[in-house]
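Asks: Got a structure for you, questions after.
The values are calculated or read from the model by the stated rules, or taken from the named source; none is laboratory data. Just so you know, these numbers come straight off a predicted model, no measurement behind them. Ideal geometry is used to build each Cβ from the backbone, glycine not excepted, and the neighbour counts take in all protein chains shown. All accessible areas refer to the heavy atoms of the entire protein, side chains included, with ligands and DNA or RNA removed. Shrake-Rupley method; radii C 1.70, N 1.55, O 1.52, S 1.80 Å.
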Amino acid sequence: MAEATVRQRQLGNQLRAIREKRGLTLEAVELLTGLTPAKLSRVELAKTPAKPADVEKLARAYECDDELRDSLVAVAREGNKRGWWFNYQDVLAPWLADQISLESSAASFRTFQVQLVPGLLQTADYARAAIGRLAIGASPEDVEARVRVRRERQAVLTQPKPLEVWAVIHEVALRSLVGGAATMRGQLEKLLELAVLPNVTIQVMPSETGVHQGMNGPFSILGFPGSDLDVVLLEGLLSSEWVEDPQRVSVFDRAFREIVAEAWPVDQSINFITEQKDKLK
């Protein structure tokens, strides 16, 4: 069996947490739903993909409210869906495939970045320069494929129910000449264009700020409505980590709120980006 996705693991964890909160044993749930203890155990451990109809039964047996029930069923329905990114599986790390899948159904994406503009906000030229330098051992063909992936991901910003993005970018990233002056000017122009969208908020963390929560490193929080399915992504050079435990996720939620408070307000941030763009002729 293929490794469970983040979404499948989160769904299993959530179903188990709700069941335990209700004080129900696996055997008791069988009496309520007809699902055997063995099957339910496999679903809770993400060893078997959950069927939407089974999740519907469980949510009703657990007396979940309509919002939570609909959210859980949606996660089950989306869990095994193959999106456009499946065509790029040869060049995508598993964690990135998970991230793209989650972005496609998430309600919000909050990120703090230090050295680079977030991938969801990058131009093709900027992405090509960054990936070409940082993806050690990648062929030119792989680089181009990853650039296309990065660009296609951005469809979530303008889809009918667009992803709500809140990005705090360190001043250092916006002063760096990734790809050269022309590429960086284009990237700054792109940020200004995206900042006009009602679902995109961009702030800048000034270098003059003292100690702040962002010094622990960059991270991204993907949020989902109606449940405790929010997850955090910590990206590394050789591997990346998903933080899925709700209590640990809450620590990053608090850290991001503190980062937002320490960063320049939106208007001041936009003025800074504009000034940086105008310096690059």
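Asks: Taking 0.36 nm per residue of sequence separation and subtracting the Cα-Cα distance, how much length would be gained by fully extending the chain between SER240 and ALA53, in nm to one decimal?
Replies: 64.0 nm
Asks: How far apart, in nanometres, would the label points at ASP70 and GLU27 be if each is projected 7 angstrom from Cα along the Cα-to-Cβ direction?
Replies: 3.8
Asks: Suppose we flag GluC sites (Glu not before Pro) only when DSSP calls them loop and at most 14 other Cβ atoms lie within 10 Å. Which is the longest uninterrupted stretch of the chain?
Replies: Between the exposed loop sites, the longest stretch runs 64-207.
Asks: Right, here's the next one. Would you mind pulling out the separation of the Cα centroids of region 97-146 and region 192-255, in Å?
Replies: Spelled out, the Cα-based centre of one part sits 15 Å from the other.
Asks: Placing +1 at every Lys and Arg Cβ and -1 at every Asp and Glu Cβ, with all other atoms neutral, what dipole size does the chain have around its Cα centre, in debye to the nearest 20?
Replies: So the dipole magnitude of the chain works out to roughly 500 debye.
Asks: Right, another one. For region 105-192, what does the accessible surface come to per residue with a 1.4 Å probe? Please give it in Å².
Replies: 44
Asks: For region 188-281, state the average projected area of the convex hull of the C-alpha atoms over all orientations, rounded to one decimal in nm².
Replies: Mean orientational projected area (region 188-281, Cα hull): 8.0 nm².
Asks: Quick one: if you stick a label point 7 Å off each Cα along the C-beta vector at ARG16 and SER207, how many nm between them?
Replies: 4.7
Asks: If I model a spin label at ALA107 and LEU134 as a point 7 Å from the Cα along the Cα→Cβ vector, what separation in nanometres do I get?
Replies: Placing both labels 7 Å along Cα→Cβ, they lie 2.9 nm apart.
Asks: Now, a different point. Carbon-plus-sulfur fraction of the accessible area of region 125-281, 1.4 Å probe, in percent?
Replies: On region 125-281, the fraction of accessible area on carbon and sulfur atoms equals 53 percent.
Asks: Under 18 Å Cα-Cα from LYS190, which aspartates and glutamates qualify once same-chain neighbours fewer than 8 residues away are excluded?
Replies: The qualifying aspartates and glutamates are ASP125, GLU152, GLU164, GLU171, ASP267, GLU275, ASP278.
Asks: Please list the non-local residues whose amide H lies under 5 Å from the amide H of PHE109, H modeled 1.01 Å from N, same-chain partners needing a gap of 5 or more.
Replies: GLU164, VAL165, TRP166, GLY223
Asks: Keeping all protein chains in the complex and leaving out DNA, RNA and ligands, what accessible area do you get for LYS190 with a 1.4 Å probe, in Å² to the nearest 10?
Replies: Here the accessible area works out near 50 Å².
Asks: Let's test this: bin the Cα-Cα distances of region 101-258 at 10 Å from zero up to the farthest pair and state each bin's percent.
Replies: Reading upward from the zero bin: 10, 38, 39, 13, 0.
Asks: Here's a follow-up. I'd like the distance between the alpha-carbon centres of region 157-184 and region 3-30, rounded to an integer number of Å.
Replies: Distance between centres, Cα-based: 38 Å.
Asks: Something else: Before I look further, what does region 12-72 give for accessible area per residue, probe 1.4 Å, in whole square angstrom?
Replies: That works out to 55 Å² for each residue.
Asks: Hey, another quick one. Among ASN216, ALA53, ALA145, which residue has its Cα positioned farthest towards the positive end of the charge dipole of the chain, with +1 placed on the Cβ of Lys and Arg, -1 on the Cβ of Asp and Glu, and the dipole taken about the Cα centre?
Replies: ALA145
Asks: Tell me what the chain gives for mean residue ellipticity at 222 nm when only DSSP H runs of n ≥ 4 count, each as -39,500 (n - 2.57), the sum divided by the residue total, rounded to 500 deg cm²/dmol.
Replies: Estimated from H runs of four or more residues: -15500 deg cm²/dmol.
Asks: Return P(r) of the chain (all Cα-Cα pairs; 5 Å bins starting at 0; whole %; ordered from short to long distances).
Replies: Going out from 0 Å in 5 Å bins, the chain shows 1, 5, 12, 15, 16, 15, 12, 9, 6, 4, 3, 1, 0, 0, 0 percent.
Asks: Moving on to the next point. Can you list the lysines whose alpha carbon sits under 29 Å from that of LYS57, skipping same-chain ones fewer than 8 residues off?
Replies: Correct list for LYS57: LYS21, LYS39, LYS47, LYS81, LYS161.
Asks: Relative to the longest principal Cα axis of the chain, at what angle does helix 181-195 sit, 0 to 90 degrees, rounded to 10?
Replies: The angle comes out near 50 degrees.
Asks: Now, a different point. Give, as a single signed number, the net charge of other residues whose beta carbon lies under 12 Å from the beta carbon of LEU45, with Lys and Arg counted +1 and Asp and Glu -1.
Replies: On the way: positive: ARG9, ARG16, LYS39, ARG42, LYS47; negative: GLU44.
Neighbour charge sum, excluding LEU45 itself: +4.
Asks: Can you tell me the orientation of helix 246-262 relative to the chain, as the angle in degrees between its alpha-carbon axis and the longest Cα principal axis, to the nearest 10?
Replies: Taking the Cα atoms of the chain, the angle to 246-262 is about 30 degrees.
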